[in-house]
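Engineer: Let me give you the structure first, and then I'll get to my questions.
The values are calculated or read from the model by the stated rules, or taken from the named source; none is laboratory data. The shown structure was predicted, so the numbers you read here are calculated from the model rather than taken from an experiment. Cβ placement follows ideal geometry from the backbone for every residue including glycine, while neighbour counts extend to all protein chains displayed. SASA here: full protein model, heavy atoms, side chains in, ligands and nucleic acids out. Shrake-Rupley method; radii C 1.70, N 1.55, O 1.52, S 1.80 Å.
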Amino acid sequence: MEKTRPLWDNPLQFVFACISYAVGLGNVWRFPYLCQKYGGGGFLIPYLIMLIVEGMPLLYLELAVGQRMRQGSIGAWKTISPYLSGVGVASVVVSFFLSMYYNVINAWAFWYLFHSFQDPLPWSSCPLNNNFTGYVEECEKSSPTQYFWYRETINISPSISENGTIQWEEVVCLILAWFTVYICILRGTESTGKVVYVTASLPYFVLLIYLVRGLTLHGAVNGLTYMFTPKLEQLANPKAWINAATQIFFSLGLGFGSLIAFASYNEPNNNCEKHAIIVSLINSGTSIFASIVTFSIYGFKATFNYENCLSRVILLLTNTFDLEEGLINADNLADMKDFLNETFPEKYATVFPQIKNCSLDAELDTAVQGTGLAFIVYSEAIKNMEVSQLWSVLYFLMLLMLGLGSMLGNTAAILTPLTDSKFLSTHLPKEVISGLVCFINCIIGLVFTMQSGNYWFDIFNDYAATLPLLLIVLVETLAVCYVYGLKRFEKDLQLMIGHKPSWYWKIMWAFASPLLIISLFIFYITDYILTGTLQYQAWDASEGRLIPKDYPTYALVVIGLLVAASIICIPLAALITFIRRKSQRPSISVIA
């Protein structure tokens with residue numbers, strides 16, 4: 001007798017699982033960057049339009065498919081058409097690639113969390129050199145936070161060609177991260193369903209605390225003014241719209257198979273339409289909320305750096321020209337520089353190279369995303385706060401919860417099709433399958449703990465999912481509307497939620513969303529072609545900064561394989577199905 005499918009304890013548990021998965025690190029470290037780069041508050045206009053046109057409809061479609069077919073991604077698309085099993089396989093491959101590198105972020109979060117209990121924080125000042133005669137040169141040329149990240153944490157090599165050695169502290173943190181994931185997924189929905197209450201709610205609790213703290217910081221208003229001042233001219237920039245669509249797409253986690261897997265554990269009559277709207281709005285609301293927190297802290301950091309810059313210039317001029325203390329201040333600095341230059345031109349010329357041009361706007365305009373924002377910019381701000389250890393612990397605990405929540409979804413996308421397989425489930429218990437997936441990912445993940453690991457992390461992060469996911473979701477949408485049939489899908493939805501979908505959903509599924517995905521696909525292909533030789537940012541220890549370098553040939557081959565490995569599954573599976581059917585007797589297949 002076939003085993004009954006496990007179910008969520010209640011609909012709220014399912015919603016929490018979706019929120020925990022969708023609300024991830026991208027909400028904290030990419031959305032604020034896009035706001036900063038594309039017009040502040042003005043970026044919300046294309047963002048919200050893309051949410052309506054793309055985000056909610058595609059999220060609803062994936063949840064409905066999972067709930068109706070009651071299988072993981074491979075089984076669900078195979079049920080719709082045997083020729084589409086490759087879509088599910090492609091989703092699993094992309095999720096596998098994502099799991100390989102994504103949990104490294106959790107390892108870094110563990111590393112920073114453990115170091116957050118030190119007083120003072122280890123990234124608050126530069127370490128002394130071997131002779132104890134001064135500070136380490138690399139740290140002096142960069143900053144304490146950059147040095148702690150690039151040297152103490154990942155111990156980065158000068159280029160991707162120099163692999164270096166494995167960093168064993170990082171390995172221990174990676175093993176801990178995978179062990180944590182394994183404990184959370186050990187018993188499927190039974191254990192995951194309990195964990196998501198924590199991973200979904202704790203980040204909001206921390207963000208709320210940070211909001212209160214951030215708004216009271218000196219200079220926070222500068223950051224918030226920068227964010228909420230709309231630069232409407234950016235609306236004419238096509239890249240603002242492209243990035244808004246891309247952010248919505250990847251933030252919701254479309255195409256990975258995780259949402260289909262989660263929805264497959266729902267009751268057949270669950271209102272997935274309502275849940276799609278709720279999850280979409282909460283995800284976007286979190287991005288905006290996190291941006292307010294980020295920009296208040298960013299304003300504090302920018303103001304702190306700006307005022308420090310002014311103080312250093314004032315001190316330099318006061319000492320050089322033997323002026324009375326307090327004679328130069330921030331208000332009259334520009335006038336005093338002109339006066340000193342006119343009065344003592346030769347002396348001023350000798351000190352001029354050391355005089356920095358301090359600008360608050362320049363500090364606020366410095367756009368940073370990804371690990372740079374999460375582990376460098378935030379660390380820079382935290383170290384200057386009172387009771388910095390407390391704020392550091394809270395922040396990296398939040399990062400850990402966001403990363404863990406996303407990992408639960410990623411592993412569900414891999415495990416659900418595997419546990420749905422009769423062959424595997426009859427020979428291996430669920431706990432063993434979960435353990436093997438975690439173990440294999442952890443072993444492969446050791447690549448990212450080498451000194452060149454951060455460069456490989458960027459390759460996986462930039463190329464493993466972007467184009468493949470666009471193609472996967474495009475095929476999904478076309479398959480539901482034109483292979484399975486939109487009218488048939490309407491009837492399924494009526495059985496599940498009690499009414500047919502409105503014209504809005506049908507227009508989005510059949511026309512608007514596919515056209516938008518095709519546009520994004522064309523943009524990315526064109527962008528890659530126009531870019532020419534792909535480059536990466538390498539750390540130059542002698543200069544204490546990142547410099548652009550061309551990817552070597554073997555790295556370009558890996559990028560090509562990452563993109564092709566998942567995409568090729570779609571036509572390959574269809575071809576295999578076609579050959580199998582040709583080799584057998586002709587028979588009429590019924591789509592269940």
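Engineer: Hey, any hits in region 58-70 for a residue that's within 21 Å of GLY257 (Cα to Cα) and open to solvent by 30 Å² or more (accessible area, probe 1.4 Å)?
Structural biologist: Checked against the condition, which is being within 21 Å of GLY257 (Cα to Cα) and open to solvent by 30 Å² or more (accessible area, probe 1.4 Å), region 58-70 yields at least one hit.
Engineer: What residue, of THR411, THR371, THR419, THR426, is within 24 Å of SER191 (Cβ to Cβ) and at pLDDT below 85?
Structural biologist: THR426
Listed here are the residues, each with its yes/no results for (1) surrounded by 12 or more Cβ atoms within 10 Å (Cβ to Cβ); (2) part of a helix (DSSP H, G or I); (3) not acidic (Asp, Glu).
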site	(1), (2), (3)
ILE517	yes, yes, yes
ASP527	no, yes, no
GLY560	no, yes, yes
ALA573	yes, yes, yes
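Engineer: What's the number of the only condition in (1) under 28 Å from TYR101 (Cα atoms); (2) charged (D, E, K, R); (3) open to solvent by 40 Å² or more (accessible area, probe 1.4 Å) that ASP540 fails to meet?
Structural biologist: So the condition that ASP540 fails would be (3).
Engineer: Take the conditions within 29 Å of LEU215 (Cα to Cα) and either of a type in the set (D, E, K, R) or in contact with a helix residue (DSSP H, G or I) (Cβ under 9 Å, 6 or more places away or on another chain) (or both) and apply them to CYS272. Does it pass?
Structural biologist: Judged against the criteria, CYS272 is not a match.
Engineer: In addition: Would you confirm whether or not region 250-258 contains a residue that is open to solvent by 10 Å² or more (accessible area, probe 1.4 Å), under 20 Å from ILE288 (Cβ atoms) and modelled with pLDDT of 90 or more?
Structural biologist: Checked region 250-258: at least one residue is open to solvent by 10 Å² or more (accessible area, probe 1.4 Å), under 20 Å from ILE288 (Cβ atoms) and modelled with pLDDT of 90 or more.
Engineer: I'm trying to understand the selection: among the residues of region 1-59, which are among the small types (Gly, Ala, Ser), part of a helix (DSSP H, G or I) and under 30 Å from ASP420 (Cβ atoms)?
Structural biologist: Within region 1-59, ALA17, SER20, ALA22, GLY26, GLY55 meet the criteria.
Engineer: Can you name the helices (runs of 4 or more DSSP H) wholly within region 323-382 that have at least 3 residues being open to solvent by less than 40 Å² (accessible area, probe 1.4 Å)?
Structural biologist: Ranges flagged: 333-343.
Engineer: Count, please, the residues in region 485-494 that happen to be touching a residue at least 12 places away in the same chain (Cβ under 8 Å) and open to solvent by 10 Å² or more (accessible area, probe 1.4 Å).
Structural biologist: Selection size over region 485-494: 3.
Engineer: Restricting to region 483-534, what's the tally of residues that are in contact with a Lys or Arg (Cβ under 6 Å, 6 or more places away or on another chain) and within 30 Å of THR553 (Cβ to Cβ)?
Structural biologist: Matching residues across region 483-534 total 0.
Engineer: In contact with a strand residue (DSSP E or B) (Cβ under 7 Å, 6 or more places away or on another chain), in a helix (DSSP H, G or I) and of a type outside the set (D, E, K, R) - does that describe any residue in region 452-468?
Structural biologist: Yes, there is a match, as at least one residue in region 452-468 is in contact with a strand residue (DSSP E or B) (Cβ under 7 Å, 6 or more places away or on another chain), in a helix (DSSP H, G or I) and of a type outside the set (D, E, K, R).
Engineer: Give region 73-114 a look and list any residue that's of a type in the set (Phe, Trp, Tyr) and touching a residue at least 60 places away in the same chain (Cβ under 8 Å), or say none.
Structural biologist: The answer is TRP77, TYR83, PHE96, PHE97, TYR101, TYR102, TRP108, PHE110, TRP111, TYR112.
Engineer: Still on this model: Scan region 432-444 and report the pairs whose first residue is touching a residue at least 12 places away in the same chain (Cβ under 8 Å) and whose second residue is surrounded by fewer than 13 Cβ atoms within 10 Å (Cβ to Cβ), with Cβ atoms within less than 9 Å and a gap of 6+ or a chain change.
Structural biologist: Once the first residue is touching a residue at least 12 places away in the same chain (Cβ under 8 Å) and sits in region 432-444, its partners that are surrounded by fewer than 13 Cβ atoms within 10 Å (Cβ to Cβ) give CYS438/PHE179; CYS442/PHE179.
Engineer: So, one more: Take region 187-210 and flag every residue that is surrounded by fewer than 18 Cβ atoms within 10 Å (Cβ to Cβ) and touching a residue at least 24 places away in the same chain (Cβ under 8 Å).
Structural biologist: ARG187, GLY188, GLU190, TYR197, VAL198, SER201, TYR204, ILE209, listed by residue number.
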